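What follows is calculated from the coordinates using simple rules that are stated; it is not laboratory data. Model, not experiment: these values are computed from the prediction. No Cβ is skipped: glycine too gets one built from the backbone with ideal geometry, and neighbour counts run over all protein chains shown.
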Amino acid sequence: MTHRDEIEAVLSALISINTANPPGNEEAMALYIRDYLLNEGAREQDFHLLRHSEGRASMVFCLSGRNPEITLGFVGHLDTVPSGNAADWQSDPFRPVQRGGFFYGRGAADMKGGLTAMIGLCLRYLRKGPPPVNLRCFFTADEEAAGSGIRSLREAHWLDHLSFLVVCEPTDGHPGICEKGLGWYDFTIRGKTSHASMPEEGINSLELGWEYLREIKKEIAALPGENPLLGRSTCSVTQCSGGVKINVIPDKADFSADIRYIPQTGPAGDGVEEIFRNIAAEYERKHPGLSIHWNCRDRRAALESDTGHPAVAWFIKSRREEAGKQSTGLYYFTDASLVIPYYPELPFVILGPGCPGECHCPNEKIAVESIEEAIGCYCRFVEQIRPEWFLRN
C-alpha cells in the first residue's frame, strides 16, 4: 500500500462496516479483508476463517517467508464499542468523513487504522514477493468484550510457534512494552431491613457496602510496587444498586468495581482477593448479620515485555531515533492479555496508529499519516529482522 488514496479507501471501507459490539458483525469485515487481499494476489488457502456464532468470526491470514524458521504475528481486532448517543457526533459514525487531515468515524483509531496498517503490510509482500520470514495476521472478534476471538484462535493453536507478536492497537506510534491487568468484580452486600426512622434496628447494606469498597480502594492503592510507565494499581467503583423505598433501610446492595493492577502486583493481581476476604471478615465481625460475597466477571493478566530481547529493543531504538517516540504503557487491556500468559516466553510489543485518547470517544478520528508511519515501521521491522534474535539457548 504505497499511495495515500489507497490507504484512505481501505480505511473508509472498514469504518463503513458497522462492527459495534454488541452485536459485533465481525464476519462481514473479515470477508471484506479476505476479498480485498485475494484481489491483490493472495491465495484462498492462506485464509482461515473461524466462525463463532451468527455473523461473528475471526480470521488468520498466513504469508510464507523465505526463512520458515521465524514467524511474526500481527494482531488487530475487528469489533468496536457502540457509537453511543448520535447527538454527540458531528456526522454519522459509520459514514466516514475526512476533514482537517483526519478521518472521522467509530473505530477510526480503535482500531480500523491498525487494521489498515496490517493490510498495508500484507499488500507490500503480495506485490513485492515473499517476505523474509513467515507472517501470520490475526483479525479477531470480540476484543472489546470477552475476547472470544483471540481465545478461539489460541485454542485452535494458531498462536503456536510464533517468534514475536506485534499488537497493532493505537499507541500513536509509541512502542508499548507493558499493560495493566484487570479484574472486573461484582459484590453483593446483604444486611437487614428496618424502618428508616429506626436505622439501629437494621443493617444498611448500601452504607456498609460503600464503606467496604472504600477500604478496598485504599488497600489496592497501597499495594507494593510502582511501574514507571503505569503508575500504581487502582480500584474504581463503577456500578451500584440497592434499596426499595426512601424510608426503608436496604437489606441488599450490589456493587461493581474495575480493578487495574500493574505487573509488579503479580500477573494475575496476586493478593487482590485476599484484600476482599480480610476486609469482609472485619466488617462481618463488626456487624453481625452482615454478609459480603463477590464474583469475578473477568480477569486479564498484567503484562510486561522483555525489553532486553533484540526484537523489542529494535522497536524501542528505531521509534526513538526515527520519530522521537518513547516507550509507553497501556492502562487498558489488549488481546495480548489472552495470549502472553499462555506463551510466557513470547516477546511482544504493542504499537499502532492512532491516538489512544480517541478510543471510545464520540467524533473518533485518526490521521492518515499515522497509518502510513505504522506501515513503514512494520515493513522495516520485517526487513531488518535477524535470525539470531530468535535463537533459543
TODO: May I ask you to derive the relative contact order of the range 150-303, considering only C-alpha pairs under 8 Å and at least 6 residues apart, and to give it as an integer percent?
DONE: 35 percent
TODO: Can you grab the distance from the C-alpha centre of the range 32-71 to the C-alpha centre of the range 85-120, Å, no decimals?
DONE: 24 Å
Task: Listed candidates (i) 0.96; (ii) 1.27; (iii) 1.04 - label of the one calculated as Rg/Rh (Cα atoms, Kirkwood Rh) - done: (iii)
- [ ] Using only Cα atoms, figure out Rg for the range 181-298 and give it as a multiple of 2.2 N^0.38 Å.
- [x] 1.16
- [ ] Determine the gain in length on full extension of the stretch residue 5-residue 306; use 0.36 nm per residue of separation and subtract their C-alpha separation, reporting nm with one decimal.
- [x] 104.6 nm
TODO: Apply 1/(1 + (r/R0)^6) to the Cβ-Cβ distance of residue 146 and residue 44, taking R0 = 30 Å, and write down the FRET efficiency to the nearest 0.05.
DONE: 0.50
- [ ] Could you work out how far helix 310-323 tilts from the main Cα principal axis of the chain, as a 0 to 90 degree angle to the nearest 10?
- [x] 80 degrees
Task: Ranked by how many other beta carbons lie within 10 Å on average, peptides 275-287, 329-341, 301-313 from highest - done: 329-341, 301-313, 275-287
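For residue 16 and residue 201 in the same chain, what is the full-extension length gain: residue separation times 0.36 nm, less their Cα-Cα distance, in nm?
60.7 nm
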TODO: Once you have the Cα-Cα distance between residue 98 and residue 264, take 0.36 nm times their residue separation minus that, and quote the gain in nm to one decimal.
DONE: 55.5 nm
TODO: Going by C-beta contacts inside 10 Å, put 349, 97, 167 in order with the fewest on the left.
DONE: 97, 349, 167
Task: Relative contact order, percent, the chain [alpha-carbon distance under 8 Å, six or more residues apart] - done: 24 percent
Task: Mean separation of Cα contacts under 8 Å, 6 or more apart, over the residue count of the range 111-173: relative contact order % - done: 42 percent
- [ ] Determine the shape class of the range 1-148: with a ≥ b ≥ c the square roots of the Cα gyration tensor eigenvalues, call it rounded for a/c under 1.5, and otherwise prolate if a/b is greater than b/c, oblate otherwise.
- [x] oblate
Task: C-alpha long axis of helix 113-128 to longest principal axis of the chain, angle in ° - done: 20 degrees
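What order, most packed first, do the peptides 353-366, 211-224 have when packing is the mean number of other Cβ atoms within 10 Å of each residue?
353-366, 211-224
Starting from the Cα gyration tensor of the range 244-393, multiply each eigenvalue by 5, take the square root, and state the resulting semi-axes largest first in whole Å.
Semi-axes, largest first: 44, 22, 11 Å.
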Open item on the list: Can you tell me the orientation of helix 205-221 relative to the chain, as the angle in degrees between its alpha-carbon axis and the longest Cα principal axis, to the nearest 10?
Closed with: 50 degrees
Open item on the list: For a 22 Å ceiling on Cα separation, which of these pairs sit above it: 218/286; 252/286; 217/365; 112/317; 180/217; 217/245?
Closed with: 217/365; 112/317; 217/245
Task: Packing-based ranking, highest mean first, of 188-197, 17-26 given that Cβ atoms within 10 Å are counted - done: 17-26, 188-197
Task: Of all DSSP beta bridges in the chain, antiparallel share, percent nearest 5 - done: 75 percent
